[in-house]
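Read the structure below first, then the notes.
Each value in this text was obtained by applying a stated rule to the coordinates, not by laboratory testing. From a predicted model like this one, the values you see are computed outputs, not experimental measurements. A quick note on method: Cβ atoms are made from the backbone with ideal geometry, for glycine too, and the neighbour counts reach across all protein chains shown.
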Amino acid sequence: MKKILVIDDDVIFRHLVKELLEENSYMVDTAKDGLEGFEKLKKEKFDLVILDVNMPNMNGFETLNKIREDEEIFDIPVIMLTVKSMIEDQIQGFEYGADDYIAKPFENEVLIARVKTILEKKT
């Protein structure tokens, strides 16, 4: 079973995404900000990260940059899932190394399809 880390400061949103992914047979852990998420990535093995941008302590772009610079975890696929939907934000996400970029609000089926596609490409 694939394991996904959802990093988002909104507790309700984190819970909703966690439930959606678990309903689709994924194991899910969560983190409330980039700092906590990065620490979890260093301690546990994850197959995918779903990452918000606007968070305290370490935002999503900083977190993604830190992931991509770390030789132990640089190759974990990352989906940015955020309200920052401007073209400039999306380009910045891809420049930092995001594998996909999804704007909130989103359709559940689209998120699941993109998660599935990225995980299939990884294997």
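Say the cut-off is 24 Å between C-alpha atoms; which of LYS18/LYS122; LYS32/LYS122; LYS18/LYS40; LYS45/LYS104 go over it?
Too far apart for the 24 Å limit: LYS32/LYS122; LYS45/LYS104.
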Nearest-20 debye value, the chain charge dipole, Cβ charges on Lys, Arg, Asp, Glu
260
Taking Cα centroids, how far is region 34-58 from region 65-103 in Å?
12
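Taking only C-alpha pairs under 8 Å that are 6+ residues apart, what is the relative contact order of the chain in percent?
22
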